[in-house]
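Only one structure is covered here, and it is reproduced in the block below.
Rule-based calculations on the coordinates, nothing more; no lab input. Keep in mind that what you see is a predicted model, and the values were worked out from it rather than measured. Every residue, glycine as well, gets a Cβ built from its backbone with ideal geometry; the counts of neighbours run over all protein chains shown.
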Ligand SMILES: C[S@@+](CC[C@H](N)C(=O)[O-])C[C@H]1O[C@@H](n2cnc3c(N)ncnc32)[C@H](O)[C@@H]1O
Ligand code: SF4
């Protein structure tokens, strides 16, 4: 979640991005909406409030994104990518629900006319409870948005206050019910580990979230990002330090409660019906990330846009808004697969482990101590190993 962009090399003047890993991948779009009404104290995502962002008009910003969509279609055509219809689209942020349904509709029209949509396309939007209403959801649903990811975070008003969230927790349930009545899939985002959040408060949040009958829940451990207001508040003693042991207890409680309710874990922080969009990331498919700071991956080429919306807006009038590019070699690709796929409940195929030439003794010792196991030809992290998955990946790659 760090805010700095990697450096990489420059975008080629030819505008050609050869497919280094062949043409087997499916195609997906991420659209970054870089606006928020206020910045939450813990967040260092690439997002701006109206006060911070002179020279950029939120109500016209979709036009820059549409320009980038047109440029991306040309780049892919000229580079010889076979035309593939979009399988998923994800509006993320920032706060996508600050865009009117007209703006979202204009972006969708542009994506559809450039690429076409697959029959069972998944179109998700993230939304904040304070800027979403049942009418807005109905308008989005008429445009084809069929998945809502709602940032509830907690149902405890005092935890929301610590996190600087502005919504009333009572807004969440009616929005989830509206989305469900429109036949949208729903997902609820929660955060655990805010300073001062008791185990009891978290348990109630988990139970309230479950009572809404959402088909998907994400629960993220609060990361104290350097440079945020939250980091300053903790440093000055205004807020308590976070507590890793308590966070682990909260994770274990949530995992058990979600699983008992029929929402199976499929990735470390995600339970329920997997989002096709996230799976595309985890399986290294192709996606173009539109908007400031968005990252893209096209068949072994990884590139990312300039971060600031004003620079982005100026750049896309001419060409792409790419700030840097890197080529993913086979080894890096395999290492990234290990990192991503070991976090999923399906695990990673043993053939990929062989290609990575991981030390067999180390692998055996992780199996002996109950952190890893092999199921149906895949290496999988056990319940015991799950809390240590980052350490396990590091060990496997460095020995
Ligand atoms: C960047 S937000 C964008 C969507 C929307 N604005 C919202 O807040 O729900 C996506 C998710 O990332 C989470 N997030 C942002 N910063 C985080 C942090 N430091 N630690 C854990 N989760 C974080 C948010 O709480 C939210 O659930
Ligand atoms: S609303 Fe979401 S994106 Fe905006 S500052 Fe808060 S967590 Fe970050």
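Would you work out the relative contact order for the stretch 186-329, in percent, from Cα pairs under 8 angstrom that are 6 or more residues apart?
Over the stretch 186-329, the number comes to 18 percent.
Limiting things to C-alpha atoms, what are the Rg and the maximum Cα-Cα separation (Dmax) for the stretch 301-399, in angstroms?
18.5, 58
How high is the relative contact order of the stretch 330-399, given as a whole-number percent (alpha carbon pairs under 8 Å, six or more residues apart)?
The normalised contact order for the stretch 330-399 reaches 36 percent.
For the stretch 27-282, take every pair of Cα atoms, bin their distances at 10 Å starting from 0, and report each bin as a whole percent.
All Cα pairs, binned at 10 Å, distribute as 7, 29, 34, 22, 8, 1 percent.
If you average the sequence gap of Cα pairs under 8 Å that are 6 or more apart and divide by the length of the stretch 27-282, what percent do you get for the contact order?
18 percent
Which order do the peptides 326-337, 187-198, 164-175 take when ranked by the mean count of other beta-carbon atoms within 10 Å per residue, highest first?
So the order, starting with the most tightly packed, is 187-198, 164-175, 326-337.
Which order, highest average first, do 288-294, 260-266, 62-68 follow once you tally other Cβ atoms within 10 Å for each residue and take the mean per peptide?
Answer by packing, highest mean first, reads 288-294, 62-68, 260-266.
With runs of 4+ DSSP H residues as the only contributors, calculate the mean residue ellipticity of the chain at 222 nm using -39,500 (n - 2.57) per run, divided by the residue total and rounded to the nearest 500.
-11000 deg cm²/dmol
Please label the shape of the stretch 1-153 as rounded, prolate or oblate, based on the square roots a ≥ b ≥ c of the eigenvalues of the alpha-carbon gyration tensor (a/c under 1.5 means rounded; beyond that, a/b larger than b/c means prolate, else oblate).
Oblate, since a/c reaches 1.5 and b/c is not below a/b.
Need the C-alpha centroid separation for the stretch 52-67 versus the stretch 115-194, integer Å.
23 Å
Per-residue counts of other Cβ atoms within 10 Å, averaged by peptide: what ranking do you get for 360-369, 145-154, 102-111, highest first?
Averaged packing, sorted descending, gives the order 145-154, 102-111, 360-369.
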